[in-house]
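Structure first, then comments.
The values are calculated or read from the model by the stated rules, or taken from the named source; none is laboratory data. Because the structure is a prediction, the values reported are computed rather than measured. Ideal geometry is used to build each Cβ from the backbone, glycine not excepted, and the neighbour counts take in all protein chains shown.
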């Protein structure tokens, strides 16, 4: 047995990792733990410094209490009990699942009827590692209070422990393991922890590479859908799932959607360099320096319209709106029509999105900018954004749109127009 990624089998016949792959996965876990520890220490120091200006003894007591609670590891607490298919409807485990849906998705429906959505929840509850990672993400964003953040840390510790156990078994990463790592990465993005996010994405990349080396050529469909949906986040500078190396692997798997999206950011960058984006939003006549990227972008937007999957349609229409807002003369389009198509495409989503997804998705902002004041479509985009903002504010978050605003800063025109419309439509109350 060499260390170049040959397929090994354990006693049950399941594929297992080579020693080199196992070392890579353990290194990923170590990096993840160190990243979380550095972030926690940094936050504690900041809180301590702020508190010491007012009450040094209170700040010291608070830090000591946080440190004591943080020492409770996953080994000291049993993983959250998962619901089972054999459980009767009134069983505590089913109540746990309903509580979980409310915690993570604000979903109060007694049952999930849509088969696609049910399959998504089946994946979440298929293995404790995904369930714990999802609870960690939900608690991380539930509220900024100390208790919520400590609960998030506890569930994250459990998820990490379970992930280590799976890696120690040296089995090829399953769909559930990939889902867990993506969920953990999303939680770190919501916590504005770039270092930990990068560590998780590197771990995801290693898992994808190992699956391919060991003959598992297919990847979870939700992975491609989330990466495609996250394309505009990448363009605006605050990706949640989009990573260039992840995209490269998906492209190498022959994914046509990802292959179409891959060159677009570089062409947008070339166009910005050659043409610029004046405050008026009207670029001058295209020179020979922009003919190449301009033509490729036009072809790409037309090609994306050929795909009928809702996630791809959302990305396609959002891209068209964005290009028109930045370079209206180079990319003329009927914004009102495209905005309506974007609304309809989002409405086709069969998995209920949590407010954290909505508030970090530029599709709602771009839809808002593309629709007319007082129109049904604009009211729809406004209601989605305002509803999520209200929920987050009720939980104590002072600026629920902070991540989105940080990304929009890279596009002054889009940022200015959104803030103007948002202030006008909400009377400055949000």
Which members of the stretch 166-182 meet the condition of being modelled with pLDDT under 85, assigned to a loop (DSSP other than H, G, I, E, B) and within 25 Å of residue 225 (Cβ to Cβ)?
-> 172
Can you find a residue in the stretch 357-365 that is assigned by TED's automatic domain parsing to the domain that holds residue 316 and on the phi > 0 side of the Ramachandran plot?
-> no
Quick one: count up the residues across the stretch 161-192 that are crowded, with 22+ Cβ neighbours inside 10 Å and under 24 Å from residue 403 (Cβ atoms).
-> 11
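For the stretch 109-122: of the residues being touching a residue at least 60 places away in the same chain (Cβ under 8 Å) and not in a loop (DSSP other than H, G, I, E, B), which is surrounded by the fewest Cβ atoms within 10 Å (Cβ to Cβ)?
If we take residues in the stretch 109-122 being touching a residue at least 60 places away in the same chain (Cβ under 8 Å) and not in a loop (DSSP other than H, G, I, E, B), then 116 is surrounded by the fewest Cβ atoms within 10 Å (Cβ to Cβ).
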Identify, by number, the condition in (1) over 20 Å from the mean Cα position of the chain (by Cα); (2) not in a helix (DSSP H, G or I) that residue 239 doesn't meet.
-> (1)
